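The values are calculated or read from the model by the stated rules, or taken from the named source; none is laboratory data. All of these numbers come straight from a predicted model, not from anything done at the bench. With ideal geometry, Cβ positions are generated from the backbone for all residues, glycine too; neighbour counts draw on all protein chains shown. When the accessible area is computed, the model is the full protein with side chains, heavy atoms only, and any ligands, DNA or RNA have been set aside. Shrake-Rupley method; radii C 1.70, N 1.55, O 1.52, S 1.80 Å.
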Amino acid sequence: QVQLVESGGGLVQPGGSLRLSCAASGTIFSITAMFWYRQAPGKQRELVAGTSSSGNTNLADYVKGRFTISRDNAKNAVYLQMNSLSAEDTAVYYCNAHISSERYGPQFSYWGQGTQVTVSS
């Protein structure tokens, strides 16, 4: 069984920064892609950033220059550094990872429980 646990959310003032963390645990053979999504009230979940096992990264246009995604393969973790936050970034942020639990086994998509980020003065 695999679990993803996010942390680091909270309340921050406009212009401030937060760093989200997500750690995968359980029976893990390999993790390929890892992502951060977010969902604001009344809106659909949207992709924020992604990273491959080799470290290639992609960011949504609306966060480029402000957010950075990184990962630590040794810790099965992915991070999202968020700077210059605005009210539009308020949302629940979810971690997603594509994980295989066996050497030649299938890969499944796992989700964390989400962490709330609120940007307000």
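General remarks:
- Selection count where residues are open to solvent by 40 Å² or more (accessible area, probe 1.4 Å) and either within 16 Å of residue 47 (Cβ to Cβ) or of a type in the set (Phe, Trp, Tyr) (or both), scope the range 95-119: 6
- Checklist (1) closer than 26 Å to residue 10 by Cβ; (2) at pLDDT below 95; (3) among the small types (Gly, Ala, Ser) applied to residue 60, failing item: (2)
- Matching residues, the range 97-121, being free of Cβ contacts under 8 Å to residues at least 60 places away in the same chain and in a strand (DSSP E or B): 109
- Residue 67 being open to solvent by 50 Å² or more (accessible area, probe 1.4 Å), at pLDDT 95 or above and at negative phi: no
- Count - residues of the range 23-49 that are part of a strand (DSSP E or B) and either farther than 18 Å from residue 117 by Cβ or touching a residue at least 40 places away in the same chain (Cβ under 8 Å) (or both): 15
- Selection status of residue 61, open to solvent by less than 80 Å² (accessible area, probe 1.4 Å) and free of Cβ contacts under 8 Å to residues at least 12 places away in the same chain: no
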